[in-house]
Amino acid sequence: MKNRYLVDNSIDPLAVPDTARRKLLKFTALTASTGLLWFGVGSSAARASGKANTLLLSCMDYRLMDEIERYMLRRGLYHNYDHIVLAGASLGAITDKYPQWSKTFWDHLDLSVKLHGVHTVMIMDHRDCGAYKALLGEDFFQNPQRETTEHATKLMKLKAMILEKYPSIAVETLLMNLAGEVEMIQHAPLA
């Protein structure tokens, strides 16, 4: 069963020329030469408490950064999540080709649980992922059903690994398309 979270850009509070993260980077770059440090006074209780409900693992694809931020806002998690970025997201966390990526993921998850009390992990893969093509040697984008199967298999494998280590953590497995629409993947396809 798949649930869809659709992105409605017509009511997007982030639909401005620059997103908050880009504004922060610009401000930091401007103030760095004067030695100023800005922490950004936030309205979020999560920032004040030093806690985050969720850890998000997503791909590094620049095409989807704004859509990911909008999605998290719509889920009520804006400024209330830790974010790990690995090429291929779930694939990056489980690939044997780059074992250090897996170590990085687990080290960050462990730290996020300890420091911020994270109790939900969201794993967000996306369609037309270059890492899937580079690491698996096949362009799955040409066959949407096969692409969904590949992502679902990797998402479910990582979910099982997380639940083995952290049985009380909720794990969401998501697949975003290039338009920013997200579907929840709830099981691996039958063989």
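The figures follow:
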{"quantity": "Karplus-derived 3J(HN,Hα), 6.51/-1.76/1.60, for each residue of the range 150-158, Hz, glycine and proline x", "calculated": "4, 5, 4, 4, 5, 4, 5, 5, 5"}
{"quantity": "Whole-Hz couplings from phi, Karplus 6.51/-1.76/1.60, listed for the range 94-111; x for Gly and Pro", "calculated": "10, 5, 7, 5, 9, x, 5, 5, 4, 4, 4, 4, 5, 4, 5, 4, 4, 5"}
{"quantity": "Packing-based ranking, highest mean first, of 121-129, 69-77 given that Cβ atoms within 10 Å are counted", "calculated": "121-129, 69-77"}
{"quantity": "Percent breakdown of C-alpha pair distances by 5 Å bin, ordered from the shortest bin, for the range 109-153", "calculated": "5, 20, 23, 13, 8, 13, 13, 5, 1"}
{"quantity": "Estimated distance in nm for a label pair at residue 134 and residue 96, the labels positioned 7 Å out from Cα along Cα-to-Cβ", "calculated": "2.1 nm"}
{"quantity": "Dimensions (Å) - the range 49-184, Cα atoms, principal axes, largest first", "calculated": "45, 31, 22"}
{"quantity": "For the range 170-180, Karplus couplings with θ = phi - 60° (6.51, -1.76, 1.60), whole Hz, Gly/Pro x", "calculated": "7, 10, 9, 10, 10, 9, 9, 8, 6, 8, x"}
{"quantity": "Nearest-20 debye value, the range 120-191 charge dipole, Cβ charges on Lys, Arg, Asp, Glu", "calculated": "240 debye"}
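Bear in mind that the values in this text are calculations on the coordinates, not laboratory data. Note that the structure is a prediction, hence the values are computed from the model and not measured. Methodologically, a virtual Cβ is constructed for each residue, glycine included, from the backbone with ideal geometry; neighbour enumeration extends over all protein chains shown.
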